[in-house]
Structures are given as C-alpha cells and as structure tokens.
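**Q** Questions regarding the structure given below will be posed in turn.
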Amino acid sequence: MTLECKNVWEHVSEYLDKQLDPKLLMDIEKHLENCEVCSAILDSTRNILILTADKRTYELPVGYSERLHARLEKAIREAPESKNDFT
Amino acid sequence: MPATPEREKELIARVIAGETDLFHELIRPYERMVYLSILTMLRNEQEAEDAAQEVMINAFRHLKSFRGDAKFSTWLVTIAMNEGRQRLRKAKAAQLESLDEKKEEREGDFTPAVLTDWREIPSEALEKKEMRQKLREAVEQLPPIYREVLVLRDLEELNQEETASALGIPVTLVKVRLHRARMMLQKLLAPILSAAAPARKGFFGRMFQ
C-alpha cells in the first residue's frame, strides 16, 4: 500500500511512541525513505518534544522547595492525628 | 530520583502510622511534577506555587485514602489536576475549556509545519533564555485539554493509563489529544525554531529509531 503524506501525519504520535502495528510501521518507514517532508516533520516533532521536556525549559522558582517544606512542616505539626511529640 | 517502590510503600505506611516527618521525604521526588502540572494549567508562577503547596498538604491529610492500586505519583498528579481545575474554575477560565471541548469534534486534521531544512536543535540551545521562553509560550498556547495531556505524557512522562486515570478520561482520548497536542506544538514551534537551527550542509541520511 502506498501511503500519502497526509496518512503519515496522522500517525506521527504513535510512531514516536512506537505504538504502530508492524505492517503500518513498515509502510511508513518505506514512505519516509523517499519523503524528505515527512522525515523533517517527524524529526522536528521529536526534537521539539525533547527540548520541551528538558528540565531546563521549566525551572522551579528559586526557594520553591524550601517554602514548600516549611509550609508542609507547619501543616504536619498542626495535624490533629499527628502522633509526633513537640520536642 | 524517586525512591524504590518498596521504599515508597514503606514511607507511606510509616507516615500513616504516625511518623509524619517522613512525609517530607516521600514527596520530595514529586515536587517538580506537581508544580509543573499546575503551572502549565494556571500559567501563573505564584499561584502555581501556592497551589502546589496546597496539593502536598492535601495529600498529607488524605494519605490514608491512598490505595496501593494506583502509583503514588499518579495519585499526587490527580490531586494536582483537581486543584488546578478548581482554581481555573474560580477564575472562570473554565468557559474556555468547554469551548475547546466542543471544538475538539471538528479538529480532525492538522497540517504540520513543513520545513525540509529542519536541523536538529542541539540541547545546548536551551542555555538561551529566549529559547526556553519560546518553548514555554508554545505550550501555553495549546488549548487546555490538549495542554494537560501533553504535560502529563511528554513532560512528566506518565504512561497512557496513568494519564487517563489522572485526568479521568479514557485512554483512547489520551491518545487522540496527545497526537493533536504534539502536532499543534510542532506547527507552532517548527517555524520559530528552524531559525535557530544550524545551517544545513546538504542532505544526509537520517536516523530512524
């Protein structure tokens, strides 16, 4: 079966997640060998996702963790079911 | 790094049994995850931080209701998503979300940005503040129902089932929305980022995984 570019685009996500059934995967790989456009789309999507997921893209606010644990500590101390001693 | 599943289970049991101080250790691996899922929802750093704190406090108070059939991380994200949604609703931004739901039916096809001169953007590019900002802005532009799926699947690396469970939607919908979210992101970012890509020096073979 010959795939058109449009058919390939419908499966970009499953392709990246390696969820395609073997037959369709083969057809897509075959298409990609000869299609610069679809190859570029796949590469760019994969690359964009890698960059977006990179830890540096979203940084935690400075002091976030300290403030979180300080507030949490207060809540833990106030919890009625807390069996901890206030020593 | 998250604790081993055994250690995590032990921590949960001990916190419930009264060693409440251990809760700090229990949630430490998930601080970022909780913050990020709310930040991308609310798009406001200060509110996201406050909400993340609330989520952790809620998790502490309701830890007894955590049943081991889900992963602790999924349970936490579910609380985070609920907290985020609640705050959105308060801000009346929920109107937007329901509009997106209706639109979803019609948004069948996506034409990706076609750039054959795309080169891989090296991860060093992220040292530039501008680059990081462009990526975040693009994520922010996604309609909420797509954004939340993308954040859980691609940024927090939850699997399909965990994402479905955290959002209360079927796995099939996670797949559909994730695909659309990724294609939207590609369309938004490829033209912007291609400018940052190193110059192309001719065609060469690509690596297919």
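The values are calculated or read from the model by the stated rules, or taken from the named source; none is laboratory data. Since we're looking at a predicted model, the values are computed, not measured. Cβ coordinates were reconstructed from backbone atoms using ideal geometry, including for glycine residues, and neighbour counts include every protein chain displayed.
**Q** What tally of residues in the range B:115-142 results from selecting those that are touching a helix residue (DSSP H, G or I) at 6+ places or on another chain (Cβ under 7 Å) and modelled with pLDDT under 75?
**A** Qualifying residue count for the region: 4.
**Q** Further question: Under 6 Å between Cβ atoms, which residue pairs at least 6 apart in sequence (or on different chains) link something in the range B:170-184 that is surrounded by fewer than 21 Cβ atoms within 10 Å (Cβ to Cβ) with a partner that is in a helix (DSSP H, G or I) and of a type outside the set (A, V, I, L, M)?
**A** B:V171/B:Q160
**Q** Is the range B:146-158 home to any residue that is free of Cβ contacts under 8 Å to residues at least 40 places away in the same chain, farther than 17 Å from A:Y15 by Cβ and either touching a His at 6+ places or on another chain (Cβ under 9 Å) or part of a helix (DSSP H, G or I) (or both)?
**A** yes
**Q** Right, here's the next one. Take the residues in the range B:10-29 that are of a type outside the set (A, V, I, L, M) and either within 9 Å of chain A (Cβ to nearest Cβ) or closer than 25 Å to B:Q141 by Cα (or both), then tell me which one is surrounded by the fewest Cβ atoms within 10 Å (Cβ to Cβ).
**A** Result: B:G18.
**Q** So, of the residues in the range B:62-90 that are more than 23 Å from B:V139 (Cα to Cα) and in a helix (DSSP H, G or I), which turns out to be nearest to the chain's Cα centre (by Cα)?
**A** The extreme case among them is B:W75.
**Q** For the range A:1-35, enumerate the residues that are over 25 Å from B:V171 (Cβ atoms), in contact with a helix residue (DSSP H, G or I) (Cβ under 7 Å, 6 or more places away or on another chain) and assigned to a helix (DSSP H, G or I).
**A** Passing the criteria: A:C5, A:H31, A:L32.
**Q** Let me ask something else about it. Return the total of residues in the range B:122-140 being surrounded by fewer than 22 Cβ atoms within 10 Å (Cβ to Cβ) and closer than 12 Å to B:R182 by Cα.
**A** 1
**Q** Going through the range B:35-61 one residue at a time, which ones are more than 9 Å from every other protein chain (Cβ to nearest Cβ), assigned to a helix (DSSP H, G or I) and touching a residue at least 40 places away in the same chain (Cβ under 8 Å)?
**A** Within the range B:35-61, B:S37, B:I38, B:M41, B:L42, B:E47 qualify.
**Q** Hey, could you check the range B:14-33 for residues that are touching a Phe, Trp or Tyr at 6+ places or on another chain (Cβ under 9 Å) and not aliphatic (A, V, I, L, M) and say which is farthest from A:R77 (Cα to Cα)?
**A** If we take residues in the range B:14-33 being touching a Phe, Trp or Tyr at 6+ places or on another chain (Cβ under 9 Å) and not aliphatic (A, V, I, L, M), then B:R32 is farthest from A:R77 (Cα to Cα).
**Q** Still on this structure, please answer the following. If you check every pair at least six apart or on different chains, which have Cβ atoms under 7 Å apart with a residue in the range B:63-77 that is in the same structural domain as B:A164 (by TED's automatic domain parsing) and touching a residue at least 40 places away in the same chain (Cβ under 8 Å) first and a residue that is among the aromatic types (F, W, Y) and not in a helix (DSSP H, G or I) second?
**A** That search, which allows pairs on different chains as well, returns nothing.
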